[in-house]
Every structure is written in structure tokens, then in C-alpha cells.
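K.L.:
Structure provided below as C-alpha cells; questions to follow.
The values are calculated or read from the model by the stated rules, or taken from the named source; none is laboratory data. These numbers were taken from a predicted model, which means no experiment stands behind them. Cβ coordinates were reconstructed from backbone atoms using ideal geometry, including for glycine residues, and neighbour counts include every protein chain displayed. Ligands, DNA and RNA are excluded from the accessible area calculation, which covers all protein heavy atoms including side chains. Shrake-Rupley method; radii C 1.70, N 1.55, O 1.52, S 1.80 Å.
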Amino acid sequence: MVEVSTSILSVKKGEESETFFKLEKAKTDYFHIDVMDGKFVENDTYKKMLEYSSYIRRISNLPLDVHLMVEDIKTAIYDFSSIDPNIITFHIEACKNKEEAYELIKLIKQNNCKVGISIKPDTDIEKIYEFLPFIHMVLVMTVEPGKGGQTLLSDMLNKISKLKEYVDKNNIEVDIEADGGINLKNCDKVKEAGANILVAGTAIISAVDYKVIIDELKR
Ligand code: DX5
Ligand code: ZN
């Protein structure tokens, strides 16, 4: 069964609590928290995402799926561990070397949190193979990180199926999350490629009835 993680990046100002409540009622499986520092990517959502996450944590038991698009991953791990997320995902491209990546995996676990590694469209999937036995999720970016509302890059589907083939062949238990430009038109192809968690922002938040979209994405 596929799960849906709704990105709250495009939640409209002033409609936050209404939107989060509607998403809960629509049975999103996770809230996807897109943390951007204005350095790793152009946009800066750091403060806003910290505020939103602490608000959601106070009003909902739903798990928080924190996607760090930041250079200073260590500080972000400390800041976002405070809102008791289900999983913290960092970008392999923001790590200077493998040792740093292993250190971050350890630090996230020491903060009682599951670990994800995310890769940008131009990064080869092989780059993260060695970390797979130690993490819970691979977040495959299907758009360039940095903003919502973009179009899914279809050659990312091959990357997802290559990863799925590798983890199946090597009996590695890891979730594959696809993130960016996912909607009702392309979600079947993303699932067929092997993703078992779909991130959607615009496709859900712009809909009149969130539940219809979330149910369709899960089908
Ligand atoms: C982009 C973010 C994605 C994005 C998803 O940097 O990581 O999570 O907000 O939003 P949509 O579904 O609108 O592409
Ligand atoms: Zn994201």
C-alpha cells in the first residue's frame, strides 16, 4: 500500500490551521516539511517550517516527514528534533564526504529519529547504495529541490526503478519516497517504478477535496 506525505510548502498564509485540520481529516499519512535555508536552495523556509511543525506537533499525532534542503545539516537536526519528527532526511550533496554522512546518520538516530537520505536529479543513485543498510528511507527528488509546483522529471522514474531493483536484489528494507511534481496523471508511473511513499504539495493543496486526491494517489 502506497503512503502519501503532503508537502505543506504551499499552505496559504492565514489558512494554516484550517489546512492542517483538513489534511488530517483527508488522512494524509505524513506531513512533509520542506526546510530550505536560502543557501543549499534559493528559498528560505526555515523559520516558517519550524513554526508550522511545532504547531502541527501540538494539534496532531500524525508523523512529520522532515526534508532538510540545507547546508548546515547538524544545526537543522538539532532544531527539528525538538518537534519530534518521525523521520529526518538530509541531502547527500550537502555532505563533504562519506564520514560526514555516517556522522549525520548517527546524530539523527541519537535524537531518536529515523533517517532518510535525499538525492537531487543529477546525482547518481549508486552514490547512496553504501548507506542503505543504515537508513530507513531514500527520498528521490523528481524535481530540482527548491520550490513547489514544478513538473516531474520523467527520467527520474528510471532512477527509482534502478533503486528498487537494487534493494530487492540485496534484500534491503528501505522506503522509497518520490518528491516533486507528483499528481494524479503521473502517480501510477511513479508507483510502478517502485516508490512506496509519494510526496505531493500542489496536487493536494490546490484541490477542493483533499481526500479525493489523497485516496486516488494511494489507490
Ligand atoms: C521541493 C520540495 C517538494 C515540493 C513538492 O524542493 O522538496 O516537497 O514542495 O511540492 P509539489 O508537489 O508541488 O511539487
Ligand atoms: Zn520535499
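K.L.:
State which residue is farthest from LYS39 (Cα to Cα) when the search covers only the stretch 126-158 and only residues that are among the polar types (S, T, N, Q) and open to solvent by 30 Å² or more (accessible area, probe 1.4 Å).
P.N.:
Per the criteria, the residue is ASN158.
K.L.:
What are the residues in the stretch 1-39 that are hydroxyl-bearing (Ser, Thr, Tyr) and farther than 26 Å from GLU192 by Cβ, if any? Spell out the reasoning first.
P.N.:
Here is the first cut: in the stretch 1-39, the ones hydroxyl-bearing (Ser, Thr, Tyr) are 5-7, 10, 17, 19, 28, 30.
If the condition is that a residue be hydroxyl-bearing (Ser, Thr, Tyr) and farther than 26 Å from GLU192 by Cβ, then SER10, SER17, THR19 are the ones that fit.
K.L.:
Applying the selection to the stretch 194-219, what residues are among the aliphatic types (A, V, I, L, M) and open to solvent by 10 Å² or more (accessible area, probe 1.4 Å)? Quick ask: steps written out before the conclusion?
P.N.:
Here is the first cut: in the stretch 194-219, the ones among the aliphatic types (A, V, I, L, M) are 195, 197-200, 203-205, 207-208, 212-214, 217.
Listed by number, the residues that qualify are ALA203, ILE205, ALA207, VAL208, VAL212, ILE213.
K.L.:
I'm checking my understanding of the structure. Among residues of the stretch 12-33 that are within 15 Å of ligand 2 (Cβ to nearest atom) and open to solvent by less than 10 Å² (accessible area, probe 1.4 Å), which one is farthest from the chain's Cα centre (by Cα)?
P.N.:
In the first step, residues of the stretch 12-33 are kept if they are within 15 Å of ligand 2 (Cβ to nearest atom); the result is 28-33.
If we keep only those that are open to solvent by less than 10 Å² (accessible area, probe 1.4 Å) as well, we get 28, 31-33.
Working: THR28: 13, PHE31: 9, HIS32: 6, ILE33: 7 Å.
Going through the qualifying residues, I end up with THR28.
K.L.:
Here's a follow-up. If you scan the stretch 1-11, which residues turn out to be among the β-branched types (Val, Ile, Thr) and either within 14 Å of ligand 2 (Cβ to nearest atom) or in a strand (DSSP E or B) (or both)? Working first, answer last.
P.N.:
Filtering the stretch 1-11 down to residues among the β-branched types (Val, Ile, Thr) leaves 2, 4, 6, 8, 11.
Result: VAL4, THR6, ILE8, VAL11.
K.L.:
Scan the stretch 178-190 and report the pairs whose first residue is closer than 19 Å to LYS211 by Cα and whose second residue is part of a loop (DSSP other than H, G, I, E, B) and hydrophobic (A, V, I, L, M, F, W, C), with Cβ atoms within less than 6 Å and a gap of 6+ or a chain change.
P.N.:
Every condition considered, the pairs that remain are GLY181/VAL143; GLY181/LEU152; ASN186/LEU152.
K.L.:
Another one. Cβ-Cβ below 6 Å, separation at least six or inter-chain, first residue in the stretch 37-53 and farther than 15 Å from PHE80 by Cα and open to solvent by less than 50 Å² (accessible area, probe 1.4 Å), second modelled with pLDDT of 95 or more and not hydrophobic (A, V, I, L, M, F, W, C): which pairs?
P.N.:
GLY38/ASP44; PHE40/GLU71; VAL41/PRO145; VAL41/GLY146
To keep it simple, each residue is scored yes or no on (1) among the polar types (S, T, N, Q); (2) closer than 19 Å to GLY181 by Cα; (3) within 12 Å of the chain's Cα centre (by Cα).
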{"residue": "PHE40", "(1), (2), (3)": "no, no, no"}
{"residue": "SER54", "(1), (2), (3)": "yes, no, no"}
{"residue": "GLU71", "(1), (2), (3)": "no, no, no"}
{"residue": "LYS109", "(1), (2), (3)": "no, no, no"}
{"residue": "LEU132", "(1), (2), (3)": "no, no, no"}
{"residue": "GLN150", "(1), (2), (3)": "yes, yes, no"}
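K.L.:
Could you list, in sequence order, the residues of the stretch 60-113 that are out of contact with any helix residue (DSSP H, G or I) (no Cβ under 7 Å at 6 or more places or on another chain), under 29 Å from ALA26 (Cα atoms) and open to solvent by 20 Å² or more (accessible area, probe 1.4 Å)?
P.N.:
ASN61, PRO63, SER81, SER82, ASN86, ASN112
K.L.:
Could you grab me the full set of residues in the stretch 159-186 that are open to solvent by 50 Å² or more (accessible area, probe 1.4 Å) and within 15 Å of the chain's Cα centre (by Cα)?
P.N.:
Within the stretch 159-186, the subset open to solvent by 50 Å² or more (accessible area, probe 1.4 Å) is 162, 164-166, 168-171, 173, 175, 184-185.
Correct list: ASP175 only.
K.L.:
Answer with yes or no whether THR123 is part of a loop (DSSP other than H, G, I, E, B), in contact with a helix residue (DSSP H, G or I) (Cβ under 7 Å, 6 or more places away or on another chain) and closer than 29 Å to ASP37 by Cα. Explain how you work it out, then say what you get.
P.N.:
Values: part of a loop (DSSP other than H, G, I, E, B): yes; in contact with a helix residue (DSSP H, G or I) (Cβ under 7 Å, 6 or more places away or on another chain): yes; closer than 29 Å to ASP37 by Cα: yes.
Against the criterion (part of a loop (DSSP other than H, G, I, E, B), in contact with a helix residue (DSSP H, G or I) (Cβ under 7 Å, 6 or more places away or on another chain) and closer than 29 Å to ASP37 by Cα), THR123 qualifies.
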